[in-house]
Amino acid sequence: MRVELTKEFRFEAAHRLPMVPPEHKCHRLHGHSFRIEITVAGEVDTKTGWLVDYAGITAVVEPVLQGELDHRTLNDVPGLENATSEVLCGWLWRRLAPGLSGLAAITVHETCTARCTYRGE
């Protein structure tokens, strides 16, 4: 049986979008309570009855979010100089994929009504 598991994480950070016109509100430094969804996909193990332990996902994701992104200015993080949701999705994929077998999607919720999903394509 093939399934997808999604685990949600949160972090706080500031950013600005330097590539938009100076009069655009996002050109100014501002902050977000980011919500990240990490989705892995694959076959359920017939012995354990699960795809992976959610704790295994947390063990890979939390050090990156808390150690590299939380309470930082994202533009100061190498690779996030233009810290759009789209760029952040790709950055997270490159950081997390080596440690997360079956990574299928990363969704970055920048606000409660705006999000971006990347599937490694």
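Taking a quarter of the surface of the convex hull around the Cα atoms of the chain, what do you get in nm²?
Here the figure is 7.9 nm², rounded to one decimal.
Based on DSSP H segments of at least four residues, each scored -39500 (n - 2.57), the chain has a per-residue ellipticity at 222 nm of -6000 deg cm²/dmol. Between Val77 and any residue 5 or more places off or on another chain, the built amide H atoms are never under 5 Å apart. Taking packing as the residue-averaged number of other Cβ atoms within 10 angstrom, the listed peptides 13-23, 81-91, 40-50, 60-70 run from highest to lowest as 81-91, 60-70, 13-23, 40-50. Scanning residues 5 or more positions from Leu17 or on other chains, those with amide H under 5 Å from its amide H are His27, Arg28, with H placed 1.01 Å from N in the peptide plane. Using a simple spin-label model with pseudo-atoms 7 Å out from Cα toward Cβ, Met1 and Arg94 lie 3.8 nm apart. Whole-Hz Karplus values for region 101-115 come out as 4, x, 3, 10, 7, 10, 10, 10, 9, 7, 9, 6, 10, 10, 8 Hz, taken residue by residue from phi with 6.51 cos²θ - 1.76 cosθ + 1.60 and θ = phi - 60°; glycine and proline positions read x. Would any residue of region 56-90 have its amide N under 13 Å from a label point 7 Å out along Cα→Cβ of Val20? List them or say none. Residues 83-86 fall inside that zone. Along the charge dipole of the chain, which of Thr107, Cys89, Pro22 sits closest to the positive end, that is, farthest toward it, with unit charges on the beta carbon of Lys, Arg, Asp and Glu (+1, +1, -1, -1)? It is Pro22. Site pair Glu81 and Ala59 shows an inter-label distance of 3.6 nm when each label is modelled 7 Å from Cα along Cα→Cβ. The C-alpha atoms of the chain define a longest principal axis, and helix 85-96 lies at about 40 degrees to it. Computed from label points 7 Å out along Cα-Cβ, the spacing between Asp70 and Thr48 is 2.4 nm. Scanning residues 5 or more positions from Ala104 or on other chains, those with amide H under 5 Å from its amide H are Thr39, Val40, Ala41, with H placed 1.01 Å from N in the peptide plane.
Relative to the first principal axis of the alpha-carbon coordinates of the chain, what is the inclination of helix 54-64, with its axis defined by its Cα atoms, in degrees from 0 to 90 and to the nearest 10? For helix 54-64, the angle is close to 30 degrees. Its Cα centre serving as origin, region 2-118 has a Cβ charge dipole (Lys and Arg +1, Asp and Glu -1) of approximately 140 debye.
Rule-based calculations on the coordinates, nothing more; no lab input. Because the structure is predicted, anything quoted here is derived from the model rather than measured. Methodologically, a virtual Cβ is constructed for each residue, glycine included, from the backbone with ideal geometry; neighbour enumeration extends over all protein chains shown.
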